[in-house]
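Here the structure comes first, spelled out in structure tokens, and everything after it is commentary.
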Amino acid sequence: MVDVNDVDYTVKVDVKQLEPATVYYYQFSVAKGAVKTAVGRTKTLPAEDAAVDKIAIASVSCAYYAYGEFTAYGKIAEKYEDLDIVLHLGDYIYEYGNVNGADGTESALFSKVLLAQQSRAPVGKSMLPPTTCVSLEDYRQRYALYHTDVNLVELHRVLPWIVVPDDHEVVDNGYEDGAAAHDPATQGPYQLRVNAGLRAWHEWVPNRQFRAPAAYQRFYRAFQFGTLAELIMLDTRYDGRDKQAPQPTSADDFVDYAKITATNKIMGDVQMAWITDKLATSTAQWKVIGNQVPFTDTVDIKTVAANPLTIALINTDSWAGYKASQQQLLAAMENVQDVIILTGDIHTPFAMQVFQKANGQPYAAEYVTTSITSPGIGEFAQDGLGIGPAIQNIIVDAVLASPNVVNLELFCHGYHITTYTATEVTAQYYCMDDIHDPTNAAERESWKYVTCSGTNTVVEAADAAC
Ligand SMILES: [Fe+2]
């Protein structure tokens, strides 16, 4: 029997009757004020019909505790006065145990990449619990460990967050009925593990507390920033997701892959109807879709035919592996202007134009944020698969030949900030100098792209004329 009042000693207050667009400060105390927390700061959304000049969103994803330092969270915290929200697109925690732990085999490729990194620059951080999370107690301990990180806690202290879980809040590459990395024989029923992971998530992240297990799994919702933008948050992980198609390994595999993915759905029909209606009826200028996994195909049959090495970049867990849903959402965007998609998941920054309408205009701009620490395509190629820089460059060139992909960077961990005004959206990407050095919190400004209102294109800031 679940005691719904047990929330792992976390505290949430759902404060009512706040003023819109207002900064509030708060503090908790115990023992009649003898012990006080730090003073927190938050900011309420503007009224739905309010005219808003500008909003700025810092987008983050994928914080692998044992792989590096969360200094990117600290850098965002330093910029809090220029930001409205932190948008976390998933993998707030990772469920993995320590490499060489009792069950470190669960992530063989991750382990290889992690060990290669540690041999060069020891991070010296260990997971708690040391083994892979399965039970409620495991996940709670993992969140408690994460919340010992000063950068993470500081970013929570200074800004409101909008958060959605992806797979690693429970288990790698999950779908509605299971996950390849979940073994019911040793880890019990999949649904119990989902309930445990998502319950701990609800307890520890800023989100309204739900107290019934079924409610742990409704994550799609929308937030309006006056008439300037509406943030439409999708759940592509826990609501009606079909099992991933098998990974194609050759151009010939595409025939089967295309057949399987043509009917694959990444979300339930009710949610798809909800977002279709949202896009059609939103009164906000910018329709911003917050989404866990890449929407746009980064590699197509032509890319693979031209360069067989790019087959490894086909991501069956992304929308590219769920063509039924991808086509439905494209149809929903057909007659809607100014759609921006914000995505995480692939630990590698991408800027993309979302396919093309019949008139040649893209459907939307997709700005993929990189990871806070998790190894990206560069580290997987280098340390996981032993691919050297020359071949890496050839792969990058092949991907850049895709009409969808404007840019990608193999080695970059950090975040991006998207800023919205009536005329344009700018996307400024940041990469940390060294996520393996706790004493080095320096970052560099990477790309700056612009989407002018009415274009859906991704243009370098220096060339934009909105
Ligand atoms: Fe991730």
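The values are calculated or read from the model by the stated rules, or taken from the named source; none is laboratory data. Just so it is clear, the structure is predicted and the values come from calculations on it, not from any experiment. Ideal geometry is used to build each Cβ from the backbone, glycine not excepted, and the neighbour counts take in all protein chains shown.
Figures for the structure shown
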| read-out | value |
| --- | --- |
| Residue that is nearest to the chain's Cα centre (by Cα) [pool: residues in the stretch 429-466 that are under 24 Å from residue 364 (Cβ atoms), among the aliphatic types (A, V, I, L, M) and not in a strand (DSSP E or B)] | 458 |
| Selection from the stretch 280-310 of residues that are surrounded by fewer than 18 Cβ atoms within 10 Å (Cβ to Cβ) and among the β-branched types (Val, Ile, Thr) | 281, 283, 301 |
| Matching entry among 56, 63, 77, 47 (being at pLDDT 95 or above, small (Gly, Ala, Ser), away from the ligand (no atom under 16 Å from the Cβ) and assigned to a loop (DSSP other than H, G, I, E, B)) | 47 |
| Residue satisfying condition, being in contact (Cβ under 8 Å) with a residue 60 or more places away in the chain, of a type in the set (Ser, Thr, Tyr) and more than 20 Å from residue 9 (Cβ to Cβ), within set 135, 111, 126 | 126 |
| Flag if residue 377 is within 30 Å of residue 111 (Cβ to Cβ) and in contact with a strand residue (DSSP E or B) (Cβ under 8 Å, 6 or more places away or on another chain) | yes |
| Counted residues, the stretch 355-392 - those being assigned to a loop (DSSP other than H, G, I, E, B), surrounded by fewer than 24 Cβ atoms within 10 Å (Cβ to Cβ) and among the hydrophobic types (A, V, I, L, M, F, W, C) | 4 |
| Residue selected from the stretch 436-466 under the condition among the aliphatic types (A, V, I, L, M) and surrounded by fewer than 16 Cβ atoms within 10 Å (Cβ to Cβ), by the criterion farthest from residue 423 (Cα to Cα) | 442 |
| Selected residue [out of contact with any Leu (no Cβ under 9 Å at 6 or more places or on another chain), within 16 Å of the ligand (Cβ to nearest atom) and modelled with pLDDT of 95 or more] from 325, 374, 318 | 318 |
| Residue, farthest from residue 221 (Cα to Cα), within the stretch 285-344, restricted to residues that are among the aromatic types (Phe, Trp, Tyr) and in a loop (DSSP other than H, G, I, E, B) | 322 |
| Residue that is within 16 Å of the ligand (Cβ to nearest atom) and over 30 Å from residue 423 (Cα atoms), where the choices are 176, 154, 169, 203 | 169 |
| Scope the stretch 410-454; condition touching a helix residue (DSSP H, G or I) at 6+ places or on another chain (Cβ under 8 Å) and charged (D, E, K, R); matching residues | 443, 448 |
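Listed here are the residues, each with its yes/no results for (1) buried (at least 20 other Cβ atoms within 10 Å of the Cβ); (2) in a loop (DSSP other than H, G, I, E, B); (3) in contact with a Lys or Arg (Cβ under 9 Å, 6 or more places away or on another chain).
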{"residue": "133", "(1), (2), (3)": "yes, yes, yes"}
{"residue": "148", "(1), (2), (3)": "no, yes, no"}
{"residue": "154", "(1), (2), (3)": "no, no, no"}
{"residue": "182", "(1), (2), (3)": "yes, yes, yes"}
